[in-house]
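Each reported figure results from applying straightforward, stated rules to the coordinates on display, with no laboratory input. What you see is a predicted model, and the numbers here were worked out from it, not measured in a lab. Positions of Cβ are backbone-derived with ideal geometry, glycine not excepted, and every protein chain shown enters the neighbour counts.
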Amino acid sequence: MRKIALFAAAAAALMLASCGPKTFPVRTYPMGEKVTLGHLIYTVFETQWLTQLGSGTDARVPQNRFFLVRISVANSGTQDLTVPNLYVEDDKHNEYPELTNGDGVPQWIGSIRNPHPAEAAAGNLLFDCPPGHYKLHIADEDDDHTAYIDIPLNFTSETPEVPVPGSEKKQ
């Protein structure tokens, strides 16, 4: 009798556990890969660090550095969707929300994004954060499922070719 009661209790616990909400694994994707969450498809193309936006007396200066993230968010659904606000997270789990003032940002994506079905919102997100390695936190249209896009620290600059001493051709 006692074994039957224990078996019934264990079976009830398993049934209750299986009826609960399904957990969605939070994955991290590399930059450049298409990431589908709900009906939103995110792609991060490139990043840029800036010490200011604009020039002269109209220049905007950040508290840390301006971090631009060029992104596309496509709507694969049948209705207009709202793209949730995004943020970047550093390796110490500090979060930096996107800025809502896009003055001076080239191809700013805007702070309110409502792509129509089969269309995409594209442009630059703007953050103010110290240079470092970040993950862009993204979410589905209902903010139920989330994921990260890994954004490595990358300072791109043009490097001129410098001749090696003694390698110049004599004429």
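Computed extension length for Asn101-Arg65: 11.5 nm, one decimal, from 0.36 nm per residue of separation with the Cα-Cα distance subtracted.
Along the axis of the charge dipole computed for segment 30-142 (Cβ charges of +1 for Lys and Arg, -1 for Asp and Glu, origin at the Cα centre), the listed residues Ala59, Thr43, His116 are led at the positive end by Ala59. The convex hull around the C-alpha trace of segment 62-118, projected and averaged over every direction, spans 4.9 square nanometres.
Would you work out if segment 88-148 is rounded, prolate or oblate? Take a ≥ b ≥ c from the square roots of the eigenvalues of the alpha-carbon gyration tensor; rounded if a/c is under 1.5, else prolate when a/b is larger than b/c, oblate otherwise. Don't skip to the end; give the middle numbers.
On the way: a/c = 2.43, a/b = 1.21, b/c = 2.00.
Judged from the Cα gyration tensor, segment 88-148 comes out oblate (a/c at least 1.5, b/c at or above a/b).
With a Förster radius of 22 Å applied to the C-beta separation of Asp90 and Asn154, the computed FRET efficiency comes to 0.90.
Multiplying the residue separation of Asp144 and Arg27 by 0.36 nm and removing their Cα-Cα distance gives an extension gain of 40.7 nm.
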